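Only one structure is covered here, and it is reproduced in the block below.
The values are calculated or read from the model by the stated rules, or taken from the named source; none is laboratory data. Computed from a predicted model, the values in this text were never measured in an experiment. Every residue, glycine among them, receives a Cβ derived from its backbone with ideal geometry; neighbour counts consider all protein chains shown.
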């Protein structure tokens, strides 16, 4: 985006003044910690980050926590293990799901035929207040995960459901006992939920009704990660200070990180171009195009594990008829939607070959392209030659992408007789409606933390949760989901996955659209950007070149 001088001056009051690091913040005492005052770092040692949304919690899985909160917890807490980063060949990196590395645990052993994992903790690790990290802290933290409905739901995918499974051996050794070998146990420990909390500090604020201090931890840090909080004005800005005694990896490249909320995309872009910001997150596709035309900054785009879709409730008429769902899939203007919504910034999940899958990867293209004649024939076969009326819903928080999708969908389906009314649902309400299975036809987005196809099918195509977007019910499919859960023979597993992919391509309860690109603008001097599955910024590897 080319900005004239008068435009910068006009934005100065809204952006520039707020981007100056307040003197009282520099070297500020860490929030809730015992660290003393430090000298203010130089400008080169401060990373200034702008995002659209603000974090609403210092915790990861309290009720109502938003995804921005992970940008705090990922950087102020440790986990036992982490996913490694692998080079993308352009100076940036992406997480490697198949390479799990030590973090707070310096090593681990798998024994008892895969039913026990013993972790050996770093003996020199300390929390931000100076207390040593012990196996008791780790157990308390894992107990806390399974005590939370959200945390337990995720840990269940790794066969971890009971506090008795987390056994303290000594101060620096902890064992996790599993009911059966589970390939998802270790990856689950690298996710955002199992943060290792300073239990002695947190327990000072626990109550009989809140034994894990969930309420206190939403508003207070208690970690030992690479950064500690120097100051936080929730909803506006947060100042992170590098923790000099962090032992779980190389010290971060920046001494301080100032993360500020700037809701207007044009203001984030302007601040980046002016040099008032080092990193601008949450870029809309149209803004990316403008930045790509400017040689003073750079844009890093990474196709993500986020996926966006058109869902059809297969338990509601007329979408309970597979022919109707197939008709919709053949009628959508995929290329036009991709360009209008994302400006082509992402990985398409449309097109492909009908029938048997070519790979066991999922999501993958379902084999549908734009063919209105085929769509009309399927509607006629379903007894709906004259079409039908329906409502297509999307949440306003997704409007930037969802609105052009909805308008193009409305136009294309109208050509085959499906008359669509668009319903714009207030932010935060669509999830409840999906949980109650009350929405017939909709746009939605989600993310899969773990990459195994059977995990994806278990979460998004099976069961009664809101995440089964198409309300898909297929006993044969569900049986294969359970069968593959602990399958150890690779050939058998692959064959079963191919069968499941063929089923969802045929039954099409949801129409996968694309994996959108996560686009981040930054100064050319900022190096080592590393994409992680949760889509939040990992401050640790970033450095000034």
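Considering 476, 502, 482, the condition of being free of Cβ contacts under 8 Å to residues at least 40 places away in the same chain, farther than 26 Å from residue 149 by Cβ and outside any loop (DSSP other than H, G, I, E, B) is satisfied by 476 alone.
The residues of the stretch 216-228 that are more than 21 Å from the chain's Cα centre (by Cα) and farther than 22 Å from residue 80 by Cβ, listed by number, are 216, 219, 220. Does residue 140 count as closer than 19 Å to residue 105 by Cβ, within 26 Å of the chain's Cα centre (by Cα) and either modelled with pLDDT of 95 or more or in the same structural domain as residue 536 (by TED's automatic domain parsing) (or both)? So residue 140 passes the test.
Restricting to the stretch 430-445, what's the tally of residues that are under 17 Å from residue 308 (Cβ atoms) and at pLDDT 90 or above? Before the answer, list the steps.
Filtering the stretch 430-445 for residues under 17 Å from residue 308 (Cβ atoms) gives 430-431, 434, 439, 441-445.
Checking which are at pLDDT 90 or above leaves us with 439, 441-445.
Residues in the stretch 430-445 being under 17 Å from residue 308 (Cβ atoms) and at pLDDT 90 or above: 6 in total.
If I filter the stretch 126-141 down to residues being in contact with a strand residue (DSSP E or B) (Cβ under 7 Å, 6 or more places away or on another chain) and assigned to a loop (DSSP other than H, G, I, E, B), which single residue comes out as nearest to residue 195 (Cα to Cα)? Looking at residues that are in contact with a strand residue (DSSP E or B) (Cβ under 7 Å, 6 or more places away or on another chain) and assigned to a loop (DSSP other than H, G, I, E, B), I get 133. Among residues that are at pLDDT 95 or above, in contact with a helix residue (DSSP H, G or I) (Cβ under 9 Å, 6 or more places away or on another chain), part of a loop (DSSP other than H, G, I, E, B) and exposed (fewer than 15 other Cβ atoms within 10 Å of the Cβ), residue 427 is not included. Scanning the stretch 442-468 for residues that are in a strand (DSSP E or B) and touching a helix residue (DSSP H, G or I) at 6+ places or on another chain (Cβ under 8 Å) yields 442, 443, 444, 445, 446. The set of residues in the stretch 340-387 that are assigned to a strand (DSSP E or B) and either closer than 17 Å to residue 509 by Cβ or out of contact with any helix residue (DSSP H, G or I) (no Cβ under 8 Å at 6 or more places or on another chain) (or both) comprises 347, 368.
Identify all residues within the stretch 179-212 that are modelled with pLDDT of 95 or more, in contact with a strand residue (DSSP E or B) (Cβ under 9 Å, 6 or more places away or on another chain) and surrounded by fewer than 20 Cβ atoms within 10 Å (Cβ to Cβ); write none if there are none. Hit for the stretch 179-212 is 186, nothing else.
Is it the case, given these coordinates, that residue 390 is outside the structural domain of residue 182 (by TED's automatic domain parsing), in contact with a strand residue (DSSP E or B) (Cβ under 8 Å, 6 or more places away or on another chain), more than 30 Å from residue 95 (Cα to Cα) and not in a helix (DSSP H, G or I)? Give the steps one after another, and end with the answer.
On the way: outside the structural domain of residue 182 (by TED's automatic domain parsing): yes; in contact with a strand residue (DSSP E or B) (Cβ under 8 Å, 6 or more places away or on another chain): yes; more than 30 Å from residue 95 (Cα to Cα): yes; not in a helix (DSSP H, G or I): yes.
Yes; evaluated as a whole, the condition is true for this residue.
A count restricted to the stretch 216-236 and to residues that are in contact (Cβ under 8 Å) with a residue 60 or more places away in the chain and over 16 Å from residue 126 (Cβ atoms) stands at 11.
Assess whether residue 363 counts as being buried (at least 18 other Cβ atoms within 10 Å of the Cβ) and either without any contact (Cβ under 8 Å) to a residue 40 or more places away in the chain or touching a strand residue (DSSP E or B) at 6+ places or on another chain (Cβ under 6 Å) (or both).
Values: buried (at least 18 other Cβ atoms within 10 Å of the Cβ): yes; either without any contact (Cβ under 8 Å) to a residue 40 or more places away in the chain or touching a strand residue (DSSP E or B) at 6+ places or on another chain (Cβ under 6 Å) (or both): yes.
Considered against the rule, which asks whether it is buried (at least 18 other Cβ atoms within 10 Å of the Cβ) and either without any contact (Cβ under 8 Å) to a residue 40 or more places away in the chain or touching a strand residue (DSSP E or B) at 6+ places or on another chain (Cβ under 6 Å) (or both), residue 363 comes out as yes.
The single condition among (1) surrounded by 16 or more Cβ atoms within 10 Å (Cβ to Cβ); (2) touching a strand residue (DSSP E or B) at 6+ places or on another chain (Cβ under 8 Å); (3) outside any helix (DSSP H, G or I) that residue 337 does not satisfy is (3).
Of all residues in the stretch 285-310, those satisfying the criterion of being touching a helix residue (DSSP H, G or I) at 6+ places or on another chain (Cβ under 8 Å), surrounded by 20 or more Cβ atoms within 10 Å (Cβ to Cβ) and within 24 Å of residue 350 (Cβ to Cβ) are 285, 308, 310.
For the stretch 393-419, the candidate set comprises residues that are under 31 Å from the mean Cα position of the chain (by Cα) and in a strand (DSSP E or B); within that set, the residue that is surrounded by the fewest Cβ atoms within 10 Å (Cβ to Cβ) is 395.
Out of the residues in the stretch 430-441 that are in a loop (DSSP other than H, G, I, E, B) and in contact (Cβ under 8 Å) with a residue 12 or more places away in the chain, state the one that is surrounded by the fewest Cβ atoms within 10 Å (Cβ to Cβ). Explain how you work it out, then say what you get.
At the first step, the residues of the stretch 430-441 found to be in a loop (DSSP other than H, G, I, E, B) are 436-440.
Filter again for in contact (Cβ under 8 Å) with a residue 12 or more places away in the chain, leaving 437, 439-440.
Details: 437: 15, 439: 25, 440: 18.
Applying the filter and picking the extreme gives 437.
Taken over the stretch 57-97, residues that are in contact (Cβ under 8 Å) with a residue 12 or more places away in the chain and assigned to a strand (DSSP E or B) amount to 11.
Take the conditions exposed (fewer than 14 other Cβ atoms within 10 Å of the Cβ), farther than 30 Å from residue 135 by Cβ and at pLDDT below 95 and apply them to residue 43. Does it pass?
Numbers: exposed (fewer than 14 other Cβ atoms within 10 Å of the Cβ): yes; farther than 30 Å from residue 135 by Cβ: yes; at pLDDT below 95: yes.
Criteria met by residue 43.
Every condition in (1) touching a residue at least 24 places away in the same chain (Cβ under 8 Å); (2) touching a helix residue (DSSP H, G or I) at 6+ places or on another chain (Cβ under 6 Å) holds for residue 152 except the one numbered (1). Just one of (1) more than 24 Å from residue 180 (Cβ to Cβ); (2) out of contact with any strand residue (DSSP E or B) (no Cβ under 7 Å at 6 or more places or on another chain) fails for residue 98. It is (1).
Would you call residue 292 modelled with pLDDT under 95 and outside the structural domain of residue 504 (by TED's automatic domain parsing)?
On the way: modelled with pLDDT under 95: yes; outside the structural domain of residue 504 (by TED's automatic domain parsing): yes.
When the stated conditions are applied, residue 292 passes them.
Screening the stretch 269-281 for residues that are in a loop (DSSP other than H, G, I, E, B) and closer than 28 Å to residue 128 by Cβ and picking the one that is modelled with the lowest pLDDT gives 281. Identify all residues within the stretch 213-268 that are farther than 24 Å from residue 145 by Cβ, surrounded by fewer than 19 Cβ atoms within 10 Å (Cβ to Cβ), touching a strand residue (DSSP E or B) at 6+ places or on another chain (Cβ under 9 Å) and modelled with pLDDT of 95 or more; write none if there are none. Listed by number, the residues that qualify are 245, 251, 253.
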